[in-house]
Amino acid sequence: MKTIHSSVSDIFLDKVAEWLTQAALTGENLESIVRGFCDRIAATGMPIARVHLTFSMLHPLYDALGFTWKRSSGLTIEGYRHGTEKPERFLQSPYYHLLTNNLDHLRRRIDKDGPLEFPIFEELRTDKVTDYIAFVQTFGDGSAQGMMGSWSTDSSSGFSEEMIAALLRMQNHLAVAAKMAVLGKLANNMLTTYLGGDAGKRVLNGQIRRGDGETIRAALVMGDMRQSTMYAEKEGRQAYIDTLNEFFDAIAAPFNRNGGEILSFLGDGFLAVYPCGRHKDPSKVACQAALSAVFQAQARVEHLNAERQEKGMSVVRYGIGLHVGNVMFGNVGLRDRLTFSAFGSAVNEVERLQSLTKKYTREVVASQAFAGYCDGEWVTLGEEKLRGIRQKLTVLHPKFTTMPAKSGDAFEEAVRDGLSEAERVILLHRDATKLDKRPQFGKFIQ
């Protein structure tokens, strides 16, 4: 246990505050801000043994990011996923006490022995913590985003009055810098979730006016669930929504990786694009990546249907159309209500190709232009005169059902499959280029 003089240099604390201001101005990410702050506050002479900080995040998978810094081991990060709360632990936590009593701070001394008020103090006692301060701080009135955390020391004398005053001052500076990082990440999360990674990045980079866009070449995938009206009438609203989400989880996920991106969900269908260069080699890479994703999607839907049949539920049927061509990629709509999408004749053609899966009773059909870039044997199903298209379109079906994964793709999938949820959220958090009025912290108990 450490014994440290009660005073901490105001000059060093001012330097920490200046660093936080600069970090906010330069757009540092949340991890860098938390790590940098904890290292610097410890370097001032503040006897900090442990810092825990939780930031609520508006994200489709994760409610919050939690950071735990220990002087002995550095920083660890945990993502708190929707629906994984531990209510008993939360109800017995200092954070719950703060929220239910509408308090901003809570301080407790932790003795070497004797009864403990909160279960988390068992872990802190093991770490020889003597003094503990928990706090909650919103990022503004009515905001669901905010910061909750705690400071712990193993100094025999605990936190002095001067140290507590310094921590409160630093807490405000940290909240400002963290708010900037959270709002930046929030904007990225929302645009990535609703527009897709590339489209979201374009909007964040200023491509926001109606008509902003460009013409690109891309492999196109249009998928659709069959008999959705029947499902809706037979299963009811919520069951149908659940079925639709299960369908998208199974069939659409493979098209959102390895160069592909789900550009939009259209009712019970979706449009995915694999942007590529205009020459043969990049077009071949894009088309083969799209076809590989098709085979993965088919296997996933087959697995989904097996599970549904075990539960006595009907199987989900679908159709997928494949094409390649030039598309216009950008903003269209009203002056004050825009959507970022792909449009043009190639998009119309892939939509009509997808509808031909009904006529030919095949799950997957492709244009000659697409099939020409893919290896393997293809079966010609016929020629179709599509409305608005001068030339007839040759429609093909892949005779093979698997294709070898490229080594790079296989490696990337193997690495990601081996990650824990916490490691996955770290990747999510770091990859900004690739998504009661108090903060909703009911799951975050440290």
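The values are calculated or read from the model by the stated rules, or taken from the named source; none is laboratory data. These numbers come from a predicted model, not from an experiment. Side chains included, ligands, DNA and RNA excluded: accessible areas come from the protein's heavy atoms. Shrake-Rupley method; radii C 1.70, N 1.55, O 1.52, S 1.80 Å.
Below is a table of values for the structure above.
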| quantity | calculated |
| --- | --- |
| Shape of region 208-398, Cα gyration tensor, a/c cut at 1.5 | oblate |
| Counting DSSP beta bridges with both ends in region 208-398, the antiparallel % (nearest 5) | 95 percent |
| Links that overshoot a 21 Å alpha carbon limit, given the list Lys284/Lys399; Lys358/Lys392; Lys311/Lys399; Lys234/Lys311; Lys284/Lys359; Lys284/Lys385 | Lys311/Lys399; Lys284/Lys359; Lys284/Lys385 |
| Within the accessible area of region 208-398 (1.4 Å probe), percent carbon and sulfur | 47 percent |
